[in-house]
Amino acid sequence: MICAENLLEKMHILMEFSAIINSTLDTSHVRERAIQAASKLLHADAGSLLLVDSETGELFFEVATGDKGERLKEIRLKAGEGIAGWVVQTGEGVIINDVQTDPHFFKAADSVSSYETRSMVAVPVKSGTAIIGVLQAVNKRDQEFTPEDLKMLTSLAHQVGPAIENARMYETMRESFYGVSLALAEALEKRDYYTGGHTNRVSAYCMSIGSRLNLGEKEMESLWLASILHDIGKIGVEDRVLQKAGQLDNEEFALMSRHSEYGSEILSHIKSHRAVIPGVRSHHEKYDGNGYPDRLKANGIPLVARIISVADAFDAMTSDRPYRKALTHREAFAELVRCKGTQFDPDIVDAFMAANKHG
């Protein structure tokens, strides 16, 4: 029997875990917290989460705690192999309080990890009716695992399965999102070879500025996407203007200037890309309000756009054109400094120069 105080503690752990997994779609975070919850819930020394490889049917250690847990990630169990393989095969959880004498125990795991497994509870992790992995708690402190422990770990596994699948689906969508972004950038490169190389360099400069400004993970992601797509509107610019070998006249420059508006219009039709529109639309705005297309000023210009503006200008200045030779980096840095407070945000220029060791 489990006392009321212990039951309350365990229910609190389960609810805490539920709150955590409902607040994130980060696959690694979900898996790590699942193992932490399993060990805490059952007062175990260590825990592990093995997942089924959908192609081979093998089990691999996705997460393993304990001093030597990382070494277990080298192991792959064939279908039906080990206690975890047995759990997948039977679809039932097990309690084994003398693991070393169990015929299903995979002893090589202890050899690899230099860890002695004495007891274990292992339960299947399911998504719908399909078993996608096995959750294990290892070596209960000072006592044996009980049927109550099996019930608790099973309850935890019921939350882990859907959480992993949701996180996987999110990751797939995220990869598709990036794929669409890169495909759009590549489509532009096919029309304008210069823009392709330019885009990659601008993106690298933007990342260096963002790191220097200590931007968060989501801000850095938005900055990367906007930098990759900042010139996507050039797809809508006529070839005679986009591919002109010489300097643009006033009429041609006006046509080229429409690319930031075209870019925002193109991306407005892709729901997943709408968050990057401000950076794409406003990267030619100037700090003093004399830019385009909206004549925004100072902090009224989105931060991402202010960052791209500096990176974009620096790469343009340091690249050869048919009508002029590239400036040296020293000359380009001097030009950035000269235009602080007029064309560029002074803080962004300082961050760029410091990130590139010229501050």
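The values are calculated or read from the model by the stated rules, or taken from the named source; none is laboratory data. Computed from a predicted structure; not experimentally measured. When we count neighbours, we look across all protein chains shown, and the Cβ atoms used for this are built from the backbone with ideal geometry, even at glycine.
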Open item on the list: Can you find, within segment 278-323, the residue that is nearest to residue 227 (Cα to Cα) among those that are of a type in the set (A, V, I, L, M) and modelled with pLDDT under 95?
Closed with: 316
Task: Condition check for residue 113: small (Gly, Ala, Ser), assigned by TED's automatic domain parsing to the domain that holds residue 51 and over 14 Å from residue 34 (Cβ atoms) - done: yes
Task: Residues satisfying the stated conditions in segment 290-305, i.e. exposed (fewer than 14 other Cβ atoms within 10 Å of the Cβ) and part of a loop (DSSP other than H, G, I, E, B) - done: 290, 295
Open item on the list: Pairs please, first residue from segment 334-347 and part of a loop (DSSP other than H, G, I, E, B), second anywhere and surrounded by 13 or more Cβ atoms within 10 Å (Cβ to Cβ) and of a type in the set (Ser, Thr, Tyr), Cβ atoms under 9 Å, 6+ apart in sequence or on different chains.
Closed with: 339/287; 341/287; 342/287; 343/287; 343/309; 345/287; 345/309
- [ ] Pull up segment 164-201, narrow it to residues that are in contact with a Lys or Arg (Cβ under 9 Å, 6 or more places away or on another chain) and assigned to a helix (DSSP H, G or I), then point me to the one that is farthest from residue 227 (Cα to Cα).
- [x] 164
- [ ] Inspect all residues belonging to segment 204-213 and state whether any of them is over 28 Å from residue 262 (Cα atoms), without any contact (Cβ under 8 Å) to a residue 12 or more places away in the chain, surrounded by fewer than 18 Cβ atoms within 10 Å (Cβ to Cβ) and not assigned by TED's automatic domain parsing to the domain that holds residue 126.
- [x] no
Open item on the list: Taking the criterion of being over 21 Å from residue 210 (Cα atoms), in the same structural domain as residue 200 (by TED's automatic domain parsing) and not in a loop (DSSP other than H, G, I, E, B), would at least one residue in segment 318-329 satisfy it?
Closed with: yes
- [ ] Could you run through segment 149-169 and say how many residues are in contact with a strand residue (DSSP E or B) (Cβ under 6 Å, 6 or more places away or on another chain) and under 18 Å from residue 50 (Cβ atoms)?
- [x] 7
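Residue by residue, here is whether (1) out of contact with any Cys (no Cβ under 7 Å at 6 or more places or on another chain); (2) buried (at least 21 other Cβ atoms within 10 Å of the Cβ); (3) modelled with pLDDT under 80 holds:
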| position | (1), (2), (3) |
| --- | --- |
| 3 | yes, no, yes |
| 30 | yes, yes, yes |
| 38 | yes, yes, no |
| 53 | yes, no, no |
| 61 | yes, yes, no |
| 78 | yes, no, no |
Task: So residue 257, is it surrounded by fewer than 22 Cβ atoms within 10 Å (Cβ to Cβ), assigned by TED's automatic domain parsing to the domain that holds residue 230 and polar (S, T, N, Q) - done: yes
Task: Residue within segment 178-193 that is more than 29 Å from residue 62 (Cβ to Cβ), surrounded by 16 or more Cβ atoms within 10 Å (Cβ to Cβ) and acidic (Asp, Glu) present - done: yes
Open item on the list: Looking at segment 270-289 only, could you name the residues that are in contact (Cβ under 8 Å) with a residue 40 or more places away in the chain and in a loop (DSSP other than H, G, I, E, B)?
Closed with: 270, 283, 286, 287, 288
TODO: Could you pull out the residue among 350, 312 that is assigned to a helix (DSSP H, G or I) and free of Cβ contacts under 8 Å to residues at least 12 places away in the same chain?
DONE: 350
